[in-house]
Amino acid sequence: MDNDAIADNFSLLAKLIDIHGDDSFKAKSYSSAAFTIEKLPMQLSEVAAEKIFAIKGIGQATGKKIIEQLETGRLAALDEYILKTPAGIFELLKVKGLGPKKISTIWKELGIESIGELLYACEENRLLLYKGFGAKTQQNIQESIQFILACKGSYLYSQIEEFAAKFTDRLQKSFAGNRFEITGDLKRNAEVIHKLEWITDAPVDKLQSFFDAQEYETKITDGILWAKGGENVSLEFHYVPDNTFVSRLFERNSSPEFLTAFQEKYGWNNEATFDTEEQIFEKNDLPVIPPFLRETADILDLAAKNALPDVIQQKDIRGIIHTHSDWSDGGNTIEAMAEGAIARGFEYLVISDHSQSAFYAKGLYPDRIKAQHKLIDELNEKYKPFKIFKSIESDILNDGNLDYTDDVLATFDLVITSVHSNLKMTEEKAMARVLKAISNPFTTILGHMTGRCF
């Protein structure tokens, strides 16, 4: 074991001791040892065991643990802490601005064990309730988590859609005589995008020279160019001759399951020439199946019966549901939110602030609910026919009951119910909890069922 590995072990051990709230003296001792070892001019593996104790800054206890690591390659004390620490806590250590003390608060006070849960807590302003977490600190933590997630190279559809469109325009301007069509997961509107893919008639060696000149990482495998630059987005280019361009586009715009079923039912030939994807469906007497529906084989049976589902488009959205105002942890007044919704052409807005158990988010007690409803009545009169619906995001309590009595719940137009606390239940208890909440006659919508980030 070299000095860096030994120092890293001591540094991690010190952090875990602080996170667990154990002996702070030991934590400082191990942290100091890590600093000392990093600065040593020689490797500890080359020092006689008895002389290790004579190194300034290395005491008896620390010296024994150095020898333990040199002889076994392990540090038993660290292994013990790793075993009793949730895996997600190690992710939190990567978040800029989070030291062991803050992580301890986040874990023990908020019950958070992953960066996904922490991001959601930041979005709900839950950190502001705790000592050491101001608005600026919370914002910095939120931005750091978003950066970490982006660095993983996977993006939510909404995060990457605009980038993909602009990058396609950039390619088209740089290769004016060639075609570039976005395809793959983005074209099929997948929730999470791991790479951007294009079908192109531009030669891959020409594309590679273009990206190499801009210091992108590139490689060509089986005629496919892979590239990645400073944006940390994986880019993939499939070269296709012009005569089979649409056929190959059809394939890349379809999931493997859908494509296999299509081949079996309609004898697909990917060397055929078409001008548009629509022609492929017309040839087989099928209505056009858009890429976002080409996921399973079942959709072909529906298409054959002219029974494709009506899919909601952005133009179909008439209002916004599940919003928080400055009555709880939102950033704007109800009036400003209503005016914003009207300006966007919406017909209604659902105000669903936090309920009373969410004290960290200024959850509404019954007297404040009455005051808010009075204000909403006044705003509805002012902005009619625009409608503001009276709602609440009611906490689902540990036993599955909602956060208010029935007489309070009855005053809302609709009730959104969500789990915000005690997230470590067994699967059976958690399921029973949610099922009981759903069975409540006042429950209208179940909020953020998974709480996941990706």
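Listed by chain and number, the lysines whose alpha-carbon sits under 18 Å from that of Lys265, ignoring those within fewer than 8 places in the same chain, are Lys283, Lys305.
If you count the DSSP beta bridges with both ends in the chain, what percent of them are antiparallel, to the nearest 5?
40
Between rounded, prolate and oblate, where does region 368-454 land on the alpha carbon gyration tensor, with a ≥ b ≥ c its root eigenvalues, rounded for a/c under 1.5, else prolate if a/b exceeds b/c? Judged from the Cα gyration tensor, region 368-454 comes out prolate (a/c at least 1.5, a/b above b/c). Taking 7 Å steps out from each Cα toward its Cβ at Ala432 and Glu339 produces label points 5.1 nm apart. For the chain, a simple Cβ point-charge model (Lys and Arg +1, Asp and Glu -1, everything else neutral) yields a dipole of about 1440 debye relative to the Cα centre.
Sort Met42, Met1 so the one with the fewest other Cβ atoms within 10 Å of its own Cβ comes first.
Details: Met42 9, Met1 18.
Listed from fewest to most nearby Cβ atoms, that is Met42, Met1.
Qualifying trypsin sites (Lys or Arg not before Pro) in region 338-446, where qualification requires a DSSP coil assignment and no more than 16 other C-beta atoms within 10 Å, comprise Arg344, Lys424. Rounded to whole numbers, the Karplus 3J(HN,Hα) couplings from phi for region 116-128 are x, 5, 5, 4, 5, 5, 5, 5, 9, 6, 6, 6, 5 Hz, using 6.51 cos²θ - 1.76 cosθ + 1.60 with θ = phi - 60°, and x at Gly and Pro.
Computed extension length for Phe147-Ala49: 30.9 nm, one decimal, from 0.36 nm per residue of separation with the Cα-Cα distance subtracted.
Projecting the Cα atoms of Gly229, Asn284, Ala77 onto the dipole axis of the chain, where Lys and Arg carry +1 and Asp and Glu carry -1 at the beta carbon, places Ala77 farthest toward the positive end. Where only DSSP H runs of four or more residues are counted, the chain gives -14000 deg cm²/dmol as its mean residue ellipticity at 222 nm, each run worth -39500 (n - 2.57). Could you tell me the distance between the Cα centroids of region 291-338 and region 141-177, to the nearest Å? Using only Cα atoms, the two centres lie 23 Å from each other. Straight-distance candidates among the lysines for linking to Lys108, with alpha-carbon spacing under 16 Å and chain neighbours fewer than 8 residues away dropped: Lys15, Lys84, Lys131, Lys424.
Taking a temperature of 10 °C and a viscosity of 1.306 mPa s, what whole-number D in µm²/s does Stokes-Einstein yield for region 155-239 with Rh from Kirkwood over alpha carbon pairs? So the translational diffusion coefficient is about 123 µm²/s.
In percent, what relative contact order does the chain have, based on Cα pairs under 8 Å that are 6 or more apart in sequence? Relative contact order here is 8 percent.
Taking 2.2 N^0.38 Å as the expected size of a compact globular protein, what ratio does the Cα radius of gyration of the chain give against it, to two decimals?
Values: Rg = 28.9 Å, N = 454, 2.2 N^0.38 = 22.5 Å.
After normalising by residue count via 2.2 N^0.38 Å, the value is 1.28.
Taking GluC sites (Glu not before Pro) as exposed when DSSP calls them loop (any state but H, G, I, E, B) and at most 10 other Cβ atoms lie within 10 Å, what is the longest stretch of the chain free of them, the sites themselves excluded?
On the way: sites that count: Glu191, Glu215, Glu271.
The segment 1-190 is the longest one with no such site.
Computed over the Cα atoms of region 3-151, the ratio of the radius of gyration to the Kirkwood radius (Rg/Rh) comes to 1.05.
Anything over 29 Å Cα to Cα? Flag those among Lys362/Lys390; Lys51/Lys102; Lys315/Lys390, in the order listed.
Numbers: Lys362/Lys390 17 Å; Lys51/Lys102 38 Å; Lys315/Lys390 24 Å.
Lys51/Lys102, as the Cα separations exceed 29 Å there.
According to the Kirkwood expression over distinct Cα-Cα pairs, how big is the hydrodynamic radius of region 273-376, in Å? All intermediate terms of the calculation are to be shown ahead of the outcome.
On the way: mean 1/r = 0.0565 Å⁻¹.
For region 273-376, inverting the mean 1/r across all distinct Cα pairs yields 17.7 Å.
Contour minus end-to-end for Leu156 and Arg179, with contour as 0.36 nm per residue of separation and end-to-end as the Cα-Cα distance?
Gain on extension, Leu156 to Arg179, equals 5.7 nm.
Taken over region 314-446, the alpha-carbon convex hull comes to 118 cubic angstrom per residue.
Every number in this text was worked out from the coordinates using simple rules, so none of it is lab data. Worth saying up front: this structure is predicted, and the values here are computed from it rather than measured. Cβ: placed from backbone, ideal geometry, glycine included. Neighbour counts: every protein chain shown.
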